[in-house]
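Undergrad: One structure, pasted below without further comment.
The values are calculated or read from the model by the stated rules, or taken from the named source; none is laboratory data. All values reported here derive from a predicted model rather than from experimental measurement. Cβ placement follows ideal geometry from the backbone for every residue including glycine, while neighbour counts extend to all protein chains displayed. Surface areas here come from the heavy atoms of the whole protein model, side chains and all, with no ligands, DNA or RNA. Shrake-Rupley method; radii C 1.70, N 1.55, O 1.52, S 1.80 Å.
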Amino acid sequence: MTVQRPLIVALIVGVAFSGAAPMSWAQGQGTSTAPVQTRPIQPQEFLRLAYSSATLQGQAAKLAAGRETRPEVRSFATSAADFRLGLLQRIEAFAKERSLPLPSVKEFEHQVIIENLEPLDYLALSRRYAEIQLQALGQEIGIYQAAARSPSAEIKAFAEQVLPELQRQKEGAQKMYEAVRP
């Protein structure tokens with residue numbers, strides 16, 4: 001059961017982001033292999049995926065920061081919650097300025113991830129949150145990398161601005177994961 005949970009989470013996150021752009025699965029598995037872009041990402045698709053990812057990670061961060069977790073996790077989650085709030089505001093403003101719609105309901109897969117985090121406590125929550133962050137950030141970076149190659153100059157510029165911030169988040173998530181992994 002312990003081995004299956006991370007795989008289930010990885011599959012759920014992978015399914016949630018599979019529409020971003022066809023990428024190599026190695027990207028989502030923690031390797032440094034660059035994603036393979038086979039088609040351009042459209043602005044509405046990018047916004048839907050970016051907003052959904054930021055929402056999921058913001059909720060997970062609030063949950064981990066608000067509960068008793070390992071100090072490394074609580075520290076990362078607190079700063080991640082602030083980062084996600086700011087990123088969500090930027091995405092919302094970007095969409096509003098361009099009259100582009102954002103999703104009105106949470107992706108089903110994201111709701112399942114949050115629901116599966118809620119009953120966990122201390123070490124189990126700390127570890128699961130760290131795993132989810134690494135996986136979700138890997139997928140999110142892939143979304144932003146695809147957007148950075150978009151024919152839309154506005155989407156490209158937005159993605160290029162956010163990508164370094166996401167890379168820093170992933171580095172922090174990796175350190176957090178190293179501190180709590182089994």
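Undergrad: Under 26 Å from the Cα of Lys170, which lysines turn up, not counting those fewer than eight places away in the same chain?
TA: Lys62, Lys106, Lys156
Undergrad: Assign one of three labels to the stretch 47-182, namely rounded, prolate or oblate, based on the Cα gyration tensor with a ≥ b ≥ c the square roots of its eigenvalues; rounded applies when a/c is under 1.5, prolate when it is not and a/b is larger than b/c, and oblate otherwise.
TA: prolate
Undergrad: Let me make sure I get this right: for the stretch 126-177, a, b and c are the square roots of the gyration tensor eigenvalues over alpha carbons, sorted descending. Under 1.5 in a/c it's rounded, otherwise prolate if a/b > b/c, else oblate. Which is it?
TA: Numbers: a/c = 4.45, a/b = 2.57, b/c = 1.73.
Because a/c hits 1.5 or more and a/b exceeds b/c, the stretch 126-177 counts as prolate.
Undergrad: Another question about this same structure. Note the full-extension length gain between Lys96 and Arg149 as 0.36 nm times their separation in residues minus their Cα-Cα distance, in nm to one decimal.
TA: Contour length minus Cα-Cα distance gives 16.9 nm.
Undergrad: Let me ask something else. At 37 °C and a viscosity of 0.692 mPa s, what translational diffusion coefficient does Stokes-Einstein give for the stretch 89-168, taking Rh as the Kirkwood radius over Cα pairs? Give it in µm²/s as a whole number.
TA: The estimated diffusion coefficient comes to 224 µm²/s.
Undergrad: Could you give the accessible area per residue of the stretch 71-138, probe 1.4 Å, as a whole number in Å²? List each step's numbers first, then the result.
TA: Numbers: 3350 Å² over 68 residues.
Per residue, the stretch 71-138 has an accessible area of 49 Å².
Undergrad: Assuming R0 = 25 Å, what is the FRET efficiency of Leu163 and Glu115, from their Cβ-Cβ distance, to the nearest 0.05? Walk me through the numbers before you get to the answer.
TA: Working: r = 30 Å, r/R0 = 1.20.
Here the calculated transfer efficiency is 0.25.
Undergrad: How big is D, in µm² s⁻¹, for the stretch 87-132 by Stokes-Einstein at 20 °C and 1.002 mPa s if Rh is the Kirkwood radius over C-alpha pairs?
TA: This corresponds to a translational diffusion coefficient of 167 µm²/s.
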